[in-house]
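What follows is a single structure, written as structure tokens, with notes after it.
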Amino acid sequence: MLSFLINKVQGFFKVGHERTLMIKKNIFYSFLIRGGSVLTVFLLTRLTIDYVNDKQYGVWLVISGLVGWISTFDIGLGNGLRNKMAHSLALDERDNIVKYVSTTYAILFLIATGVFIVGFIAGSFFNWNLLLNVNAAVSYPIWPIIVITLASFCTQFFLQPINSILIATHQQFKSSLINLLGQLLSLTLVFLLTLFVKSNLTVLVIVIGGSPAVVFLLANVFFFSTSLKAYLPRLSAIDMSSAKSLMNAGGIFFLIQVGALILFETDNIVITRTLGPHDVTTFNLAYRYFSLTSTVFVIMLAPYWSAFTDAYAKKDMDWIKSSIKKMRILWLGICGFAVVLFVISPVFYKIWIGDKVNIPTLLSLYMTIFMVTAAWQGIYATALNGIGKLKIQLILVLVTAVLNIPLSIFLIRLIGVSGTVVANIILSVIINVFLTYQVKLIINQRDTGIWSK
């Protein structure tokens, strides 16, 4: 019996298209790594709330979400680099890869430096405690905390192309490993804070913000010294004329990123302005728990992005069609997983955070529904991102982003913190209808007009 199971497992990783085998390998290793990542995040969240309190934790969530907007300033270069590399590798056009990599790092360094300088100068003129409605949570200015967060995010921003390069070269699991190591370093240092340092939000932000930046730096040094040595960025290889090519590939990704940030990342700001930082913590704890579904599904979907790029470059529509069918079957499993999470959520909350924060059952129910709709969207967004058909997705994200803030405010005032999740569900369903239809047209090679762009 044991030998039968071993043979089955070995056969699973040896039978199939080369592209599919690479996906299986990445999914397997990513599951192992992300499992550790999920556990680390839950432990880190509990330790963080214990070290400060739920209100100050809410303040950190709002600040990190606000500063996280700088990720959009890569003007889509990360995703553009991923697609350009995957396409060049598929057609064995390697000559320009070093140029693309070097130019991407150069542009991101200039942007990161500019964003920090402008952000520091402009931000110094605002009363951030009043603006973010956090005076009840902290009795001191939070501007220094924002500066520290901005510096750490800018550093990560400049170093993050390593993820795009690893994914483009079908090493998705190594990208996940970088994130896990950053989280483990944060967890270790926060644990030491709880033992030796009195509660201090500023020190906490230095640790949580600085740990991923340090790991990203070490990852860049390691990979460009070993497996990615052939793609090591060089000053002599920087070619700003190639930036146009990268931006053509990534420009729409940039606009989609902006829309997605408005659509989802403004939730914290809307909640803190409408209800206060305590409810930001309530919302984020529920989101973090139910995002287990998206974590699992993203592990399954992520390797498909570059694989779709490869397949579409080679006109292998049959493989794309069969892969979409497999992803739909996986989605049904995710639906069942989401329901299980909802059923056991009261017990999990009790073990995880005790009586520190009360998470309403209705909020958990809406989170379940949202994660299911977001997972469906992930199938078709991944296919379209890999293929490079982005215009419909862009229009939908920008339109729904505009609608999200007023709809969220209206629903929050109507039903409380759950209102922002209901708004996300409504807009996600609208997006799903159009993306599903577009992918169907592309698979059947009947996409014309705007559906083919």
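The values are calculated or read from the model by the stated rules, or taken from the named source; none is laboratory data. Please read these numbers as outputs of a predicted model, since none were measured by experiment. Counting neighbours? That spans all protein chains shown, and the Cβs are built from the backbone with ideal geometry, glycine included. Note: areas computed on protein heavy atoms with side chains; ligands, DNA, RNA excluded. Shrake-Rupley method; radii C 1.70, N 1.55, O 1.52, S 1.80 Å.
Values computed for the structure shown
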{"item": "Enumeration of residues in the stretch 224-261 that are modelled with pLDDT under 70 and of a type in the set (Val, Ile, Thr)", "result": "Ile252, Val258"}
{"item": "Single residue of Gln438, Gln445, Gln393 found to be open to solvent by 20 Å² or more (accessible area, probe 1.4 Å) and out of contact with any Gly (no Cβ under 6 Å at 6 or more places or on another chain)", "result": "Gln445"}
{"item": "Sole exception among (1) part of a helix (DSSP H, G or I); (2) closer than 30 Å to Lys84 by Cβ for Val339, by number", "result": "(2)"}
{"item": "Only listed residue being without any contact (Cβ under 8 Å) to a residue 40 or more places away in the chain, among the β-branched types (Val, Ile, Thr) and either in contact with a Ser or Thr (Cβ under 6 Å, 6 or more places away or on another chain) or loosely packed, with under 14 Cβ neighbours inside 10 Å (or both), chosen from Val429, Val433, Val402", "result": "Val433"}
{"item": "Scope the stretch 170-209; condition among the polar types (S, T, N, Q) and surrounded by fewer than 20 Cβ atoms within 10 Å (Cβ to Cβ); matching residues", "result": "Asn179, Thr188, Thr194, Ser199, Asn200, Thr202"}
{"item": "Odd one out for Tyr304, checked against (1) open to solvent by less than 10 Å² (accessible area, probe 1.4 Å); (2) within 18 Å of Ile329 (Cα to Cα)", "result": "(1)"}
{"item": "Candidates Tyr304, Tyr349, filtered to the one that is of a type outside the set (Val, Ile, Thr), within 23 Å of the chain's Cα centre (by Cα) and under 27 Å from Asn179 (Cα atoms)", "result": "Tyr304"}
{"item": "Tabulated pairs, the stretch 183-199, first without any contact (Cβ under 8 Å) to a residue 40 or more places away in the chain and at negative phi, second part of a helix (DSSP H, G or I) and open to solvent by 50 Å² or more (accessible area, probe 1.4 Å), C-beta under 9 angstrom, 6+ apart or interchain", "result": "Leu185/Val214"}
{"item": "The stretch 157-172 residues that are under 17 Å from Ile27 (Cβ atoms), paired with ones that are polar (S, T, N, Q) and not in a helix (DSSP H, G or I) (beta carbon under 8 Å, 6 or more apart)", "result": "Gln171/Ser227"}
{"item": "Single unsatisfied condition, Ile111 versus (1) of a type outside the set (S, T, N, Q); (2) within 26 Å of Asn179 (Cβ to Cβ); (3) at pLDDT 90 or above; (4) surrounded by fewer than 19 Cβ atoms within 10 Å (Cβ to Cβ)", "result": "(3)"}
{"item": "So Val347, is it open to solvent by 20 Å² or more (accessible area, probe 1.4 Å) and either in contact (Cβ under 8 Å) with a residue 12 or more places away in the chain or charged (D, E, K, R) (or both)", "result": "no"}
{"item": "Boolean, Ile395 is in contact with a helix residue (DSSP H, G or I) (Cβ under 6 Å, 6 or more places away or on another chain) and either within 29 Å of Ala313 (Cα to Cα) or at pLDDT 90 or above (or both)", "result": "no"}
{"item": "Within the stretch 261-315, considering residues that are in a loop (DSSP other than H, G, I, E, B) and touching a residue at least 12 places away in the same chain (Cβ under 8 Å), the one farthest from Phe337 (Cα to Cα)", "result": "Lys314"}
{"item": "Residues of the stretch 351-373 classified as among the basic types (Lys, Arg) and closer than 14 Å to Gly419 by Cβ, total", "result": "0"}
{"item": "Count of the stretch 120-154 residues which are open to solvent by less than 20 Å² (accessible area, probe 1.4 Å), in a helix (DSSP H, G or I) and closer than 11 Å to Thr202 by Cα", "result": "3"}
